[in-house]
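Worksheet for the structure shown next.
The values are calculated or read from the model by the stated rules, or taken from the named source; none is laboratory data. Everything numeric here is computed off the predicted structure, so don't read it as measured data. With ideal geometry, Cβ positions are generated from the backbone for all residues, glycine too; neighbour counts draw on all protein chains shown.
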Protein chains: 2
Amino acid sequence: MTVLYDRVALIGLGLVAGSMSLAMREKGLAGETVGTARSAETRRIAEEIGLVDRVVGTIAEAVADADLVVLAVPVGAMESVACEIGPHLKPGATVTDVGSVKRDVIQTVGPHLPEGVHFVPGHPLAGTEHSGPRSGFPTLFVNRYHILTPPDGTDPEATARLRQLWEGMGALVEEMDAEHHDLVLAVTSHTPHLIAYTMVGVADDLRRVTDSEVIKYSAAGFRDFTRIAASDPTMWRDVFLSNKDATLEILGRFTEELFALQRAIRMGDGELLFDYFTRTRAIRRGIIEAGQDTEAPDFGRGGVVRKPGDTG
Amino acid sequence: MTVLYDRVALIGLGLVAGSMSLAMREKGLAGETVGTARSAETRRIAEEIGLVDRVVGTIAEAVADADLVVLAVPVGAMESVACEIGPHLKPGATVTDVGSVKRDVIQTVGPHLPEGVHFVPGHPLAGTEHSGPRSGFPTLFVNRYHILTPPDGTDPEATARLRQLWEGMGALVEEMDAEHHDLVLAVTSHTPHLIAYTMVGVADDLRRVTDSEVIKYSAAGFRDFTRIAASDPTMWRDVFLSNKDATLEILGRFTEELFALQRAIRMGDGELLFDYFTRTRAIRRGIIEAGQDTEAPDFGRGGVVRKPGDTG
């Protein structure tokens with residue numbers, strides 16, 4: 001493929017930035033990648049494993065002369081990074097981010113960027129429960145959605161080039177309004193994560209059931225929750241704080257529904273439960289047809305566990 | 001291996017019974033397997049694919065002269081099946097079940113079984129989100145836990161032989177009190193399922209986010225919920241109705257915790273959120289170490305989806 005940006009600066013060297021660097025290198029999309037991270041240890045590891053072409057010690061050095069700057073830090077750290085890079089950005093450069101929340105990032109980052117710099121916010125719906133500089137791999141974005149949320153008035157040329165970059169790394173790129181993005185993600189990601197964290201916390205608290213029992217018998221549904229609840233705590237704290245409105249709205253709907261089902265259990269209303277469970281089954285079918293999961297009953301989990309269980 | 005039971009009767013020919021039949025055949029654990037199901041279509045398919053050695057039309061025929069009778073029907077149907085088999089059981093036979101709830105099954109099934117028949121209730125923590133006679137496979141129980149809950153006074157010999165059968169099919173067998181089983185499962189399975197069903201229902205109801213958006217962007221955490229929520233509706237209705245007390249207890253704890261996190265989001269209490277999310281991460285580590293899941297970030301999901309996302 002052709003080089004889309006002569007120099008790409010990655011601010012933060014975690015899972016997403018590392019995977020971007022490896023993917024851009026594999027596909028020849030960037031002339032040079034320069035990276036930095038706040039932690040010296042992260043920079044040391046990145047250097048050691050050759051995660052980017054050049055590791056530098058400061059944000060100012062990283063963005064100097066960069067054609068694309070990627071903010072790959074937790075959402076709560078975006079504003080201070082934006083503030084720091086502002087004076088050092090090259091005119092005509094594009095700045096993007098990979099935060100899980102978009103309205104808040106636009107509000108906090110936007111004002112710090114100078115005229116003549118293009119800000120095209122984005123969010124890759126890709127990740128694993130691992131984090132840190134060693135967690136990246138070049139195929140992280142393949143067949144995953146990447147959502148761009150350019151505010152009104154964004155240079156279409158800058159957006160188009162960034163789209164090409166993500167497509168070059170294998171992503172399926174979509175554009176939508178930042179506010180809508182935040183609501184969609186509150187449903188498909190943020191609220192499910194909060195719920196999973198909660199359930200895992202409840203299990204851990206329960207005196208009468210030991211942690212070792214919870215762990216041993218986790219195949220029965222709980223295991224998927226622990227996977228979700230193992231994600232990066234800083235990132236998720238920031239997600240909930242910065243997507244407060246949409247998350248609280250969806251949580252409100254969730255508890256309303258949960259209470260209805262809880263009442264049905266208490267009252268012995270089997271018909272309501274059966275109808276509810278039948279309806280939700282159809283959605284699963286849609287996801288498989290959309291190619292976002294496989295139909296294989298064990299999802300190919302290998303190793304010690306030959307087949308997972310979610311029965312009872 | 002040696003034949004443990006000359007004739008095994010399977011009542012119900014779904015995922016679990018079908019997998020048992022295939023596993024027993026592969027390992028030579030049963031002299032003959034006889035199966036029946038209420039639905040003529042299920043019996044026809046079982047016959048067509050040779051799921052058991054012999055498909056019969058009635059429960060009475062199935063259990064006649066059987067050394068082991070396996071009740072593999074939804075928990076809500078156990079009592080009527082027990083009532084029907086009672087008069088036809090061979091003296092000295094063992095009856096077991098594979099229901100997800102144990103106290104209720106003991107209370108409803110036990111009284112219908114004649115003196116001289118051994119009742120050893122059990123629950124395999126194995127399954128997939130698929131159901132029906134075509135869903136079984138012989139390795140379903142390999143390295144999965146099977147919990148036996150023999151009531152006080154159960155013949156140790158009968159329990160030991162049943163344990164041998166499950167171990168022969170590859171399961172890790174544990175024994176515990178029925179009431180404790182129901183609480184442990186309420187935590188590790190029943191409540192997580194109810195929560196997953198609820199979240200999927202909320203997503204489906206939401207007017208401002210389309211189903212197609214939910215489906216497209218499901219990789220971000222929601223997908224695991226849909227997998228759980230795709231399980232058999234009849235089975236799950238019966239689980240909740242028959243494990244009402246433990247499920248309601250755990251649900252109460254869950255909403256209490258959820259409200260605390262919701263309040264932290266509303267108040268902007270990032271420290272509480274961060275500490276909570278850090279604690280839940282450790283539990284995941286325990287599950288991986290216990291061999292009940294793999295550490296691979298994508299869990300080997302293959303096909304179209306090269307890497308799943310649970311980021312933001």
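Restricting the search to the range B:206-219, which residues are more than 7 Å from chain A (Cβ to nearest Cβ) and not basic (Lys, Arg)?
If the condition is that a residue be more than 7 Å from chain A (Cβ to nearest Cβ) and not basic (Lys, Arg), then B:Thr210, B:Ser212 are the ones that fit.
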(request) Identify all residues within the range A:94-121 that are surrounded by fewer than 24 Cβ atoms within 10 Å (Cβ to Cβ) and over 22 Å from A:Leu241 (Cβ atoms); write none if there are none. (result) A:Leu113, A:Pro114, A:Glu115, A:Gly116, A:Val117, A:His118, A:Val120
(request) Return yes when B:Thr198 is under 14 Å from the mean Cα position of the chain (by Cα), at the interface with chain A (Cβ under 7 Å from one of its Cβ atoms), in a helix (DSSP H, G or I) and free of Cβ contacts under 8 Å to residues at least 60 places away in the same chain and no when it is not. (result) no
(request) Taking the residues in the range B:153-184 that are within 14 Å of the chain's Cα centre (by Cα) and modelled with pLDDT of 95 or more as candidates, determine which candidate is surrounded by the fewest Cβ atoms within 10 Å (Cβ to Cβ). (result) B:Ala171
(message) Step by step: first the residues of the range A:281-294, then only those that are in a helix (DSSP H, G or I), at the interface with chain B (Cβ under 7 Å from one of its Cβ atoms) and surrounded by fewer than 20 Cβ atoms within 10 Å (Cβ to Cβ), then the one that is modelled with the highest pLDDT. Which residue is that?
(response) A:Arg281
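Please work out if A:Pro297 is facing another protein chain (nearest Cβ under 7 Å), on the phi < 0 side of the Ramachandran plot and either buried (at least 16 other Cβ atoms within 10 Å of the Cβ) or modelled with pLDDT under 90 (or both).
Numbers: facing another protein chain (nearest Cβ under 7 Å): yes; on the phi < 0 side of the Ramachandran plot: yes; either buried (at least 16 other Cβ atoms within 10 Å of the Cβ) or modelled with pLDDT under 90 (or both): yes.
It is true that A:Pro297 is facing another protein chain (nearest Cβ under 7 Å), on the phi < 0 side of the Ramachandran plot and either buried (at least 16 other Cβ atoms within 10 Å of the Cβ) or modelled with pLDDT under 90 (or both).
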(message) Filter the range A:125-141 down to the residues that are closer than 16 Å to A:Ala171 by Cα and at pLDDT below 95 and list them by number.
(response) A:Leu125, A:Ala126, A:Gly127, A:Thr128
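Checking the conditions here, which among A:Ala62, A:Ala46 is surrounded by 16 or more Cβ atoms within 10 Å (Cβ to Cβ), assigned to a helix (DSSP H, G or I) and in contact with a Pro (Cβ under 6 Å, 6 or more places away or on another chain)? Step through it out loud before you land on a result.
Details: A:Ala62 fails: in contact with a Pro (Cβ under 6 Å, 6 or more places away or on another chain).
The unique qualifying residue is A:Ala46.
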(message) Out of A:Arg144, A:Arg161, I need the residue that is over 22 Å from A:Arg7 (Cβ atoms) and basic (Lys, Arg). Which one?
(response) A:Arg144
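Could you grab me the full set of residues in the range B:115-155 that are in a loop (DSSP other than H, G, I, E, B), within 14 Å of another protein chain (Cβ to nearest Cβ) and aliphatic (A, V, I, L, M)?
B:Leu125, B:Ala126, B:Leu140, B:Val142
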(message) Out of everything in the range A:257-280 that is among the charged types (D, E, K, R), within 7 Å of chain B (Cβ to nearest Cβ) and more than 27 Å from B:Ala264 (Cβ to Cβ), what residue ends up being surrounded by the fewest Cβ atoms within 10 Å (Cβ to Cβ)?
(response) A:Arg266
(message) Can you tell me which residue is farthest from B:Phe222 (Cα to Cα) among those in the range A:232-253 that are in contact with a helix residue (DSSP H, G or I) (Cβ under 7 Å, 6 or more places away or on another chain) and among the small types (Gly, Ala, Ser)?
(response) A:Ser242
(request) Select from the range B:168-195 the residues that are polar (S, T, N, Q) and touching a residue at least 40 places away in the same chain (Cβ under 8 Å) and write down the one among them that is nearest to the other protein chains (Cβ to nearest Cβ). (result) B:Ser189
(message) Exactly one of these conditions fails for B:Val8: (1) modelled with pLDDT under 95; (2) surrounded by 14 or more Cβ atoms within 10 Å (Cβ to Cβ). Give me its number.
(response) (1)
(request) Would you be able to say whether some residue in the range B:16-35 is assigned to a helix (DSSP H, G or I), crowded, with 16+ Cβ neighbours inside 10 Å and modelled with pLDDT under 95? (result) no
(request) Taking the options A:Phe222, A:Phe254, A:Phe240, name whichever one is touching a Pro at 6+ places or on another chain (Cβ under 8 Å), buried (at least 18 other Cβ atoms within 10 Å of the Cβ), touching a residue at least 12 places away in the same chain (Cβ under 8 Å) and at the interface with chain B (Cβ under 7 Å from one of its Cβ atoms). (result) A:Phe222
(request) Would you be able to say whether some residue in the range B:78-85 is under 25 Å from B:Phe137 (Cβ atoms), modelled with pLDDT of 95 or more and either buried (at least 24 other Cβ atoms within 10 Å of the Cβ) or not hydroxyl-bearing (Ser, Thr, Tyr) (or both)? (result) yes
(request) Provide a single number: the residues in the range B:9-29 that are without any contact (Cβ under 8 Å) to a residue 60 or more places away in the chain and among the hydrophobic types (A, V, I, L, M, F, W, C). (result) 0
(request) Quick one: B:Ala158 ticks every box in (1) within 7 Å of chain A (Cβ to nearest Cβ); (2) of a type outside the set (Asp, Glu); (3) farther than 24 Å from A:Tyr197 by Cβ except a single one, so which number is it? (result) (1)
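For A:Leu251, state whether it is modelled with pLDDT of 90 or more and among the hydrophobic types (A, V, I, L, M, F, W, C).
yes
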(request) Tell me, yes or no, whether the range B:139-152 has at least one residue that is aromatic (Phe, Trp, Tyr), at negative phi and surrounded by fewer than 20 Cβ atoms within 10 Å (Cβ to Cβ). (result) no
